[in-house]
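Visitor: First, the structure itself, so that you have it in front of you.
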Amino acid sequence: MLRVEHLSHVFRNGSEDTPVLRDINFTIHKGEIVALLGSSGSGKSTLLNLMAGLMKPTEGTILIAGQAIEKMNENKLAEFRRTNIGFIFQAYELISHMTVRENVELPLVFQGVKPNSRKERALSLLEKVGLKDKTEMFPSQLSGGQQQRVSIARSLITMPSIVFADEPTGNLDTKTENEIIDLLVELNQSLQLTFVIVTHEKEVADRTKRIIQLRDGYLIDQSVETGGQVTS
Ligand SMILES: Nc1ncnc2c1ncn2[C@@H]1O[C@H](COP(=O)(O)OP(=O)(O)OP(=O)(O)O)[C@@H](O)[C@H]1O
Ligand SMILES: [Mg+2]
């Protein structure tokens with residue numbers, strides 16, 4: 001599903017180079033739910049943004065569904081991202097003047113899907129994430145946990161092959177955090193969706209089946225999933 005090979009990244013600001021990722025290699029299979037764990041500054045967001053095609057690596061390759069995304073031109077990549085990749089942000093990134101349902105439908109607007117069919121899919125997903133009674137409200141009328149549920153529904157509406165989440169519970173209290181992680185684990189199981197969740201919290205990472213751990217830009221550990229059993 002996703003394969004990262006010899007991935008390195010250096011930020012260049014003027015004459016100063018900041019190496020952030022160093023020769024990272026791993027594979028994530030279809031239907032896995034994986035946590036990307038590491039302390040602040042270890043390179044988690046950089047790695048996630050590279051895998052989601054939001055920036056290009058200095059070296060190495062990222063294969064998603066067999067395709068090297070760093071080699072794609074801008075148009076091809078945009079189209080590939082629209083159809084294959086979902087993204088969940090720490091701060092939800094909902095559009096304030098659109099209703100919950102319209103926010104969830106938005107990725108389908110860009111795909112030219114007809115209004116009735118968009119609406120039907122959005123409502124069905126909103127029911128799945130537990131927001132059946134909030135569909136015509138605006139984001140500001142929802143709690144943080146509810147807003148994150150909207151953003152989860154939005155990330156799934158195109159039926160992506162992989163969903164990336166950068167600290168999806170970073171703005172939430174512990175109880176709501178647990179509910180959101182429960183929801184992601186449930187969606188992973190019921191829809192066989194592949195998730196990569198960035199977190200700096202071991203407790204969150206432990207809820208997934210597999211942990212890929214970064215320290216100072218190095219991959220220092222990856223537990224391997226073996227038929228439901230997790231070994232380190
Ligand atoms: N645009 C940039 N230019 C220069 N350095 C950058 C840039 N973006 C990130 N960095 C540096 O790269 C390193 C890794 O950053 P990154 O955002 O990937 O860390 P992170 O693990 O996501 O941290 P956090 O948990 O705080 O979100 C940090 O040292 C950061 O300062
Ligand atoms: Mg980060």
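The values are calculated or read from the model by the stated rules, or taken from the named source; none is laboratory data. Keep in mind that this is a model prediction, so the values were computed, not measured. Cβ atoms come from the backbone with ideal geometry, glycine included; neighbour counts cover every protein chain shown. Side chains included, ligands, DNA and RNA excluded: accessible areas come from the protein's heavy atoms. Shrake-Rupley method; radii C 1.70, N 1.55, O 1.52, S 1.80 Å.
Visitor: Lysines within cross-link reach of residue 132: Cα-Cα under 28 Å, excluding same-chain residues under 8 positions apart?
Guide: Reachable lysines: 114, 119, 175.
Visitor: Rounded if a/c is under 1.5, else prolate if a/b beats b/c, else oblate: with a ≥ b ≥ c from the C-alpha gyration tensor eigenvalues square-rooted, which is the chain? It would help to have the intermediate numbers written out before the result.
Guide: Details: a/c = 1.68, a/b = 1.40, b/c = 1.20.
The shape class here is prolate.
Visitor: Here's another thing I want to ask about it. Cα gyration tensor of region 73-209, axes a ≥ b ≥ c as square roots of the eigenvalues: rounded (a/c below 1.5), prolate (a/b > b/c) or oblate? Display every interim value, and only then the final one.
Guide: Details: a/c = 1.68, a/b = 1.20, b/c = 1.40.
It comes out oblate by the Cα gyration axes.
Visitor: On a straight-distance basis, which lysines could pair with residue 71 in a cross-link, Cα separation under 20 angstrom, same-chain partners fewer than 8 positions away excluded?
Guide: Within reach: 56.
Visitor: If contacts are Cα pairs under 8 angstrom and at least 6 residues apart, what is the relative contact order of region 102-232 in percent? Show your work: numbers first, answer last.
Guide: Numbers: 128 pairs, mean separation 23.8, N = 131.
About 18 percent, as a whole number.
Visitor: Follow-up. Would you work out which of 208, 155, 142 lies farthest towards the positive end of the dipole of region 142-232, given +1 charges on the beta-carbon of Lys and Arg and -1 on that of Asp and Glu, about the Cα centre?
Guide: 155
Visitor: What is the dipole size for the chain, taken about its Cα centre, with +1 at each Lys and Arg Cβ and -1 at each Asp and Glu Cβ, in debye to the nearest 20?
Guide: Working: 26 positive and 29 negative charges, 146 e Å.
My answer is approximately 700 debye.
Visitor: What's the FRET efficiency of residue 215 with residue 10 using the Cβ-Cβ distance as r and R₀ = 22 Å, to the nearest 0.05?
Guide: Working: r = 17 Å, r/R0 = 0.79.
Taking R0 as 22 Å, the efficiency between residue 215 and residue 10 is 0.80.
Visitor: Largest first, what is the accessible-area ranking of 175, 56 with a 1.4 Å probe?
Guide: On the way: 175 140, 56 95 Å².
I get 175, 56, largest accessible area first.
Visitor: So for 215, 149, what's the accessible-area order with a 1.4 Å probe, most first? Display every interim value, and only then the final one.
Guide: Values: 215 135, 149 45 Å².
Result of the area sort, largest leading: 215, 149.
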